[in-house]
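Enquirer: Have a look at this one.
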Amino acid sequence: MVPTDVQSELKPAGTATTPHTPLPFLGLVCAVGVSSIYYNQPLLLEMSRSFHTTPGRTGFVAVTTQVGYACGLLFFVPLGDVLERRSLIVRMFAAVAVALLLVAAAPNLAVLLIGSALMGLFCSVTHIVLPIAPDLVGDAQRGRAIGIVMTGLLLGILLARTFSGWVSNLGGWRSVFFVAAIVNAAFVPLIWRFMPKLPPRQVIGYPDAMRSLWTLFRTQPLLRESCVLGALIFASFSSFWTTLAFVLDSHYGLGPGVAGSFGLVGAAGALVAPVAGRFADKRGPRWVISLGIVILGCSYLLLWGEERATLPFSMHIAALVAGVIILDTGAQMIQIANQTRIFGLDPSARSRLNTVYMTIYFSGAAAGSALATLAWTHWRWNGVCGLAMGFIALATLRHVTGRRNVSGGLHEGGKSTVERACLEG
């Protein structure tokens, strides 16, 4: 049972507390929180020139950021089920601002890598915010609520590249992180003003919460399936975005501003999130995932083919634009469907479910970025696209062998998996 004082803070839409935490505001918080980990991707060539090193070495700035993010997901996000969330979110946004200043002032590549790891670590605050969305609506609207908030998060991911590309053209790559630090610091009072206190749904200590992560992974087959599928899909997605600046520079002589502008193109694909959420509510998440995998595979066929074809410059860019829209549409459909189904497993453990899922998900992103950097170094665009298609093939295999009827969430006697594990422990 949810305590009375907690229920008063987590009423469905239409009650008195809802105006204090509208879903679009949560989406905006997610957008600002997550965007910082993607600013570096269009700037890798500029960073390599600044530190007089190779693009292959600065490519690990993106990898380090994502590894830090994965660590934050593992160690910080479970605190969303342990502590009062508003205060936790405010403190982590302040820490992100400090880490961004460290990145902006980095005197060498080693400090840049350390600052990037810390930035990724604290940017995991996004996934303390995201599980609040299904708390504000009924189960029948869970997919819609996640879709609305995820639209903000996805736009943050994609527009971050546009922001960083063009701001760097005006003031250099360091200015991007100075401006981002100011924006994150500005959100500290905004979150305190517009978000109510959000106590945890159940009383549980941090050590118990951390131990329960393995319990959730071990006892929830649908969570395991979603983790593997999500990691492979995001590895494929990251393969493209990590190397896009290299492709545009080497093939077309285009700089970081243009690479960042492709985020605007990808934003069109992100707008599918609310639609994907509604389809997940009506047709089921598996149907949405199946369609998303097909769309994602088609995007890489187009992206691979356009590079090999003999076309005018304008046609190459048009094909890249189309490929990016299709790529982001497929990836976001799969992500929305995955999160819709895992958030239905155990309402009292949504932050921990998200921890397990997103830690593995972003580990896939880090692996995809690292392997794509190596593939680019040895085999250029053919290697990157072949790697991405391999990830999609493995994801397809995991999806078709998944269990179609998996019981989730509550078990005998009305106790959740986590509650039973704590009692047994």
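Enquirer: If residue 308 satisfies every condition in (1) among the basic types (Lys, Arg); (2) within 19 Å of residue 386 (Cβ to Cβ); (3) modelled with pLDDT of 80 or more but one, which is the exception?
Expert: Evaluating residue 308 over (1) among the basic types (Lys, Arg); (2) within 19 Å of residue 386 (Cβ to Cβ); (3) modelled with pLDDT of 80 or more leaves (3) as the failure.
One line per residue, one yes/no per condition, for (1) buried (at least 18 other Cβ atoms within 10 Å of the Cβ); (2) in contact (Cβ under 8 Å) with a residue 40 or more places away in the chain; (3) over 19 Å from residue 377 (Cβ atoms); (4) not charged (D, E, K, R):
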site	(1), (2), (3), (4)
23	yes, yes, yes, yes
26	yes, yes, yes, yes
29	yes, yes, yes, yes
32	yes, yes, yes, yes
37	yes, yes, yes, yes
40	yes, yes, no, yes
50	no, yes, yes, yes
67	yes, yes, yes, yes
70	yes, yes, yes, yes
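Enquirer: Kindly indicate the residue of the stretch 166-185 that is crowded, with 21+ Cβ neighbours inside 10 Å and β-branched (Val, Ile, Thr) and also nearest to residue 39 (Cα to Cα) among those meeting that condition.
Expert: 176
Enquirer: Of everything in the stretch 345-359, what is open to solvent by 10 Å² or more (accessible area, probe 1.4 Å) and modelled with pLDDT of 90 or more? Give them in sequence order.
Expert: Hit for the stretch 345-359 is 356, nothing else.
Conditions (1) closer than 23 Å to residue 202 by Cβ; (2) polar (S, T, N, Q); (3) not in a helix (DSSP H, G or I), marked per residue:
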site: 74; (1), (2), (3): yes, no, no
site: 83; (1), (2), (3): yes, no, yes
site: 95; (1), (2), (3): no, no, no
site: 99; (1), (2), (3): no, no, no
site: 106; (1), (2), (3): no, no, yes
site: 111; (1), (2), (3): no, no, no
site: 118; (1), (2), (3): no, no, no
site: 137; (1), (2), (3): yes, no, yes
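Enquirer: Can I ask one more? Count, please, the residues in the stretch 319-334 that happen to be closer than 12 Å to residue 230 by Cα and modelled with pLDDT under 90.
Expert: Number satisfying all stated conditions: 1.
Enquirer: Here's another thing I want to ask about it. If the requirement is being in contact with a helix residue (DSSP H, G or I) (Cβ under 6 Å, 6 or more places away or on another chain), open to solvent by 10 Å² or more (accessible area, probe 1.4 Å) and touching a residue at least 24 places away in the same chain (Cβ under 8 Å), which of these qualifies: 74, 100, 83? Spell out the reasoning first.
Expert: Values: 100 fails: open to solvent by 10 Å² or more (accessible area, probe 1.4 Å); 83 fails: in contact with a helix residue (DSSP H, G or I) (Cβ under 6 Å, 6 or more places away or on another chain).
That would be 74, the only listed residue that is in contact with a helix residue (DSSP H, G or I) (Cβ under 6 Å, 6 or more places away or on another chain), open to solvent by 10 Å² or more (accessible area, probe 1.4 Å) and touching a residue at least 24 places away in the same chain (Cβ under 8 Å).
Enquirer: For the stretch 190-228, how many residues are under 16 Å from residue 78 (Cα atoms) and touching an Asp or Glu at 6+ places or on another chain (Cβ under 8 Å)?
Expert: Total satisfying the criteria: 8.
Enquirer: Could I ask something else about it? Could you tell me which numbered condition residue 377 fails, if it satisfies all but one of (1) among the polar types (S, T, N, Q); (2) modelled with pLDDT of 90 or more; (3) surrounded by fewer than 18 Cβ atoms within 10 Å (Cβ to Cβ)?
Expert: (2)
Enquirer: Within the stretch 286-328, how many residues are open to solvent by less than 30 Å² (accessible area, probe 1.4 Å) and in contact (Cβ under 8 Å) with a residue 40 or more places away in the chain?
Expert: Of the residues in the stretch 286-328, the ones open to solvent by less than 30 Å² (accessible area, probe 1.4 Å) are 288-289, 292-293, 296-297, 299-300, 303, 306, 316, 319-320, 323-324, 327-328.
Right, trim to in contact (Cβ under 8 Å) with a residue 40 or more places away in the chain and you get 288-289, 292-293, 296-297, 300, 303, 316, 320, 324, 327-328.
Total satisfying the criteria: 13.
Enquirer: Follow-up question, since we're still on this one. Among the residues of the stretch 241-269, which ones are surrounded by 24 or more Cβ atoms within 10 Å (Cβ to Cβ), hydrophobic (A, V, I, L, M, F, W, C) and within 15 Å of the chain's Cα centre (by Cα)?
Expert: Answer for the stretch 241-269, where residues must be surrounded by 24 or more Cβ atoms within 10 Å (Cβ to Cβ), hydrophobic (A, V, I, L, M, F, W, C) and within 15 Å of the chain's Cα centre (by Cα): just 241.
Enquirer: A follow-up question, please. Residues in the stretch 214-229: is at least one over 20 Å from the mean Cα position of the chain (by Cα), in contact (Cβ under 8 Å) with a residue 40 or more places away in the chain and open to solvent by less than 10 Å² (accessible area, probe 1.4 Å)?
Expert: Let us first name the residues in the stretch 214-229 that are over 20 Å from the mean Cα position of the chain (by Cα), namely 214-216, 218-221.
After this cut, where a residue has to be in contact (Cβ under 8 Å) with a residue 40 or more places away in the chain as well, the list is 215-216, 219-221.
From what's left, open to solvent by less than 10 Å² (accessible area, probe 1.4 Å): 216, 220.
Yes.
Enquirer: Pairs under 9 Å by beta carbon, first residue of a type in the set (Ser, Thr, Tyr) in the stretch 183-208, partner in a loop (DSSP other than H, G, I, E, B), six or more apart or different chains?
Expert: Qualifying pairs under 9 Å: 206/82; 206/83.
Enquirer: Take the stretch 120-145 and flag every residue that is under 14 Å from residue 37 (Cα atoms), open to solvent by less than 30 Å² (accessible area, probe 1.4 Å) and touching a Gly at 6+ places or on another chain (Cβ under 7 Å). Lay out the reasoning, then the answer.
Expert: Going residue by residue through the stretch 120-145, those that are under 14 Å from residue 37 (Cα atoms) are 120-127.
Right, trim to open to solvent by less than 30 Å² (accessible area, probe 1.4 Å) and you get 120, 123-127.
120, 123, 124, 125, 126, listed by residue number.
Enquirer: Moving to a separate point now. Tell me, please, whether a residue that is of a type outside the set (Lys, Arg) and in a helix (DSSP H, G or I) can be found in the stretch 196-205. Please lay out each step first, then the result.
Expert: As a first pass, look at the stretch 196-205 and keep what is of a type outside the set (Lys, Arg): 196, 198-200, 202-205.
Retained after the next criterion (residues that are in a helix (DSSP H, G or I)): none.
No: the stretch 196-205 contains no residue that is of a type outside the set (Lys, Arg) and in a helix (DSSP H, G or I).
Enquirer: Is it the case that residue 106 is touching a Leu at 6+ places or on another chain (Cβ under 6 Å), open to solvent by less than 10 Å² (accessible area, probe 1.4 Å) and either at pLDDT below 90 or of a type outside the set (Phe, Trp, Tyr) (or both)?
Expert: Numbers: touching a Leu at 6+ places or on another chain (Cβ under 6 Å): yes; open to solvent by less than 10 Å² (accessible area, probe 1.4 Å): yes; either at pLDDT below 90 or of a type outside the set (Phe, Trp, Tyr) (or both): yes.
Yes; evaluated as a whole, the condition is true for this residue.
Enquirer: Within the stretch 383-412, can you find the residues that are open to solvent by less than 80 Å² (accessible area, probe 1.4 Å), of a type outside the set (A, V, I, L, M, F, W, C) and at pLDDT below 90?
Expert: 402, 408, 409, 411
The values are calculated or read from the model by the stated rules, or taken from the named source; none is laboratory data. Small disclaimer: the values here were computed from a predicted structure and weren't measured. Neighbour counts run over all protein chains shown; Cβ positions are idealised from the backbone, glycine included. We work out accessible area using only protein heavy atoms, side chains counted, and drop any ligands, DNA or RNA first. Shrake-Rupley method; radii C 1.70, N 1.55, O 1.52, S 1.80 Å.
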